[in-house]
1. Given the conditions (1) of a type outside the set (Ser, Thr, Tyr); (2) touching a helix residue (DSSP H, G or I) at 6+ places or on another chain (Cβ under 7 Å); (3) away from ligand 2 (no atom under 15 Å from the Cβ); (4) in contact (Cβ under 8 Å) with a residue 40 or more places away in the chain, which single one is not true for B:Gln93?
2. Test B:Glu145 against the criterion of being farther than 21 Å from B:Thr38 by Cα, within 16 Å of ligand 3 (Cβ to nearest atom) and over 15 Å from the mean Cα position of the chain (by Cα), and give yes or no.
3. Take the stretch B:99-114 and flag every residue that is within 15 Å of ligand 2 (Cβ to nearest atom), in a loop (DSSP other than H, G, I, E, B) and surrounded by 22 or more Cβ atoms within 10 Å (Cβ to Cβ).
4. Would it be correct to say that B:Arg131 is within 14 Å of chain A (Cβ to nearest Cβ), loosely packed, with under 12 Cβ neighbours inside 10 Å and either of a type in the set (D, E, K, R) or more than 12 Å from ligand 3 (Cβ to nearest atom) (or both)?
5. Of the residues B:Lys17, B:Lys6, B:Lys41, only one is assigned to a strand (DSSP E or B) and touching a residue at least 24 places away in the same chain (Cβ under 8 Å); which?
6. Could you tell me which numbered condition A:Ile52 fails, if it satisfies all but one of (1) touching a residue at least 60 places away in the same chain (Cβ under 8 Å); (2) more than 12 Å from chain B (Cβ to nearest Cβ); (3) buried (at least 21 other Cβ atoms within 10 Å of the Cβ)?
7. Within 30 Å of A:Ala10 (Cβ to Cβ), within 16 Å of ligand 1 (Cβ to nearest atom) and not assigned by TED's automatic domain parsing to the domain that holds B:Val46: is that true of B:Gly136 in this structure?
8. One residue is enough: does the stretch B:50-71 have a residue meeting the conditions at positive phi and crowded, with 19+ Cβ neighbours inside 10 Å?
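The values are calculated or read from the model by the stated rules, or taken from the named source; none is laboratory data. In this text the structure is predicted, and so the values were computed from the model without any measurement. All Cβ positions, even for glycine, are placed from backbone atoms using ideal geometry, and neighbour counts span all protein chains on display.
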Amino acid sequence: MYDFKALYEAKSVDEAVRLRRGHPGARIIAGGSDVLIRIRNGKWAGAELISIHGIDALRGVKLEDDGTIRIGPLTSFSHLASDPVIGTHIPVLAEAANQVGSPQIRNIGTIGGNICNGSPAADTPPTLFVLDAQVELTGTEGARRVPVRDFYIRAGVVDLKPDELLTAVLVPGEAYRGYTGHYIKYAMREALDISVVSCSVNVKLTEDKKRIENVRAAFGAVGPVPLRTPGAEAAARGGETTERTVKAFASAVLGEISPWSDWRTSKAFREHIAEELAARALIRSIELGGGGIHA
Amino acid sequence: MPDQYKLIRCTVNGREKEAMVDVRASLADLLRNDFRLTSVKKGCEVGECGACNVLIDGESFNSCIYLAVWADGKDILTLEGLEGPDGKISDIQQAFIDEAAVQCGFCTPGAIMSAVEILNEGRLLSDEEIRVRMSGHLCRCTGYENIVRAVKKTMLARLSQ
Ligand SMILES: Cc1cc2nc3c(=O)[nH]c(=O)nc-3n(C[C@H](O)[C@H](O)[C@H](O)COP(=O)(O)OP(=O)(O)OC[C@H]3O[C@@H](n4cnc5c(N)ncnc54)[C@H](O)[C@@H]3O)c2cc1C
Ligand code: FES
Ligand code: FES
């Protein structure tokens, strides 16, 4: 038995917004794999919950006419990983979803929960950051869109108004067309472990595959929120696909991250891993794009 | 204050069921306490060990972190549901026994339900893929090797039929 005060079940987005207005202190529960853990360990014991679990309209992935990929926030990691639209256009997001927890957690956990939980170590945000994803937030006044990068305020806190819920994750066509990407999670165990550091990179190569036309990089667990590394991106943008470019890119990352020491590992180790992951993810992204690394 | 209890209808191991559930109950609570399906074990109760794993509409879920009210309208399968009409256990259960994939047995029902999810896909998986698909189960006894062997043996036997 869980220790919460009340459960309000929403069957539609409108109803969820109404419940949000009516119960300002209540917390949204989607898959529950973060919320129920926090109730169990006492942090959120006694809370009121608004369940959006039953809003089936918020599940699934759609390719819109203008090329935007619309992901329903209740889409589970396993459905995301096996979705044909994701597999064809942004396989790196499937790769990231497959790194979460365990098979059961991938059936339970949702992409919306992964974002709204606000954890710096969550597995899908770095890839959503490099895909310039937007989040659609729906409240009393209707829907607004915010770049996912701006949605994160500080560790565990996102820019969600008291009457809002996340109703879509949108990946614009120009952000993925012509790009190939790779995500790497570094953790102590291969399953059921939280990232020590994670890194997602994507690149667009020039037609002759010899230069990097554009590159984007984002990291998890190296600061209070997931973050992009614009300096490293600038260091590699326009560069040849050489070891030198990779090195310049990876070392620039160190100036842009602020990892910490904790029981998992030290700050120095996180820095070392971040630099290494950056290099590996860039090399793999270039290879996936049909290029290669030259001396 | 909304109702603390809710009437739900679901299918459990092929039978239609109805229950008044406390909204604060987990599916593991419902299956164990109301339906006496005690193959559903409570190990960690925070989603990490897989002892409480059951299939919901064919997908594996740790029932300790799934609210019982969400089971409304769902099709649930627990280890008890693997029993054949003749009262015999299933091939995957027999394989766990034959391969010594069971020692204390606490993790076994949950692990077998993940194996059922995999086997129902009817695909040939590599050893590595089997390991990944079974990675949501902590076993303090067997060292996992025999569990992988039991799943593989059953997969190969079913595919050669
Ligand atoms: C054993 C275990 C292992 C895990 N391993 C990993 C891992 O490896 N990697 C990883 O990234 N995560 C991991 N997690 C964390 C968790 O599974 C993910 O963060 C998951 O995405 C949460 O989704 P959910 O739907 O279950 O979230 P919930 O618990 O339902 O919600 C999480 C938060 O988001 C809010 N929320 C959810 N949906 C919405 C919405 N649509 N609009 C507004 N707010 C919303 C909730 O109010 C809450 O604050 C693990 C969890 C467990 C229990
Ligand atoms: S008891 Fe449910 S996962 Fe451990
Ligand atoms: S057999 Fe004892 S925990 Fe697996």
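1. That leaves (4) as the condition not met.
2. Values: farther than 21 Å from B:Thr38 by Cα: yes; within 16 Å of ligand 3 (Cβ to nearest atom): yes; over 15 Å from the mean Cα position of the chain (by Cα): yes.
Yes.
3. The one that is within 15 Å of ligand 2 (Cβ to nearest atom), in a loop (DSSP other than H, G, I, E, B) and surrounded by 22 or more Cβ atoms within 10 Å (Cβ to Cβ): B:Cys107.
4. On the way: within 14 Å of chain A (Cβ to nearest Cβ): yes; loosely packed, with under 12 Cβ neighbours inside 10 Å: no; either of a type in the set (D, E, K, R) or more than 12 Å from ligand 3 (Cβ to nearest atom) (or both): yes.
Taking the combined requirement at face value, the residue does not satisfy it.
5. Values: B:Lys17 fails: touching a residue at least 24 places away in the same chain (Cβ under 8 Å); B:Lys41 fails: assigned to a strand (DSSP E or B).
Only one candidate qualifies: B:Lys6.
6. Unmet condition: (2).
7. Numbers: within 30 Å of A:Ala10 (Cβ to Cβ): yes; within 16 Å of ligand 1 (Cβ to nearest atom): yes; not assigned by TED's automatic domain parsing to the domain that holds B:Val46: yes.
Against the criterion (within 30 Å of A:Ala10 (Cβ to Cβ), within 16 Å of ligand 1 (Cβ to nearest atom) and not assigned by TED's automatic domain parsing to the domain that holds B:Val46), B:Gly136 qualifies.
8. First, the residues of the stretch B:50-71 that are at positive phi: B:50, B:57-58.
Restricting the remaining residues to those that are crowded, with 19+ Cβ neighbours inside 10 Å gives B:50.
Yes, because at least one residue in the stretch B:50-71 is at positive phi and crowded, with 19+ Cβ neighbours inside 10 Å.
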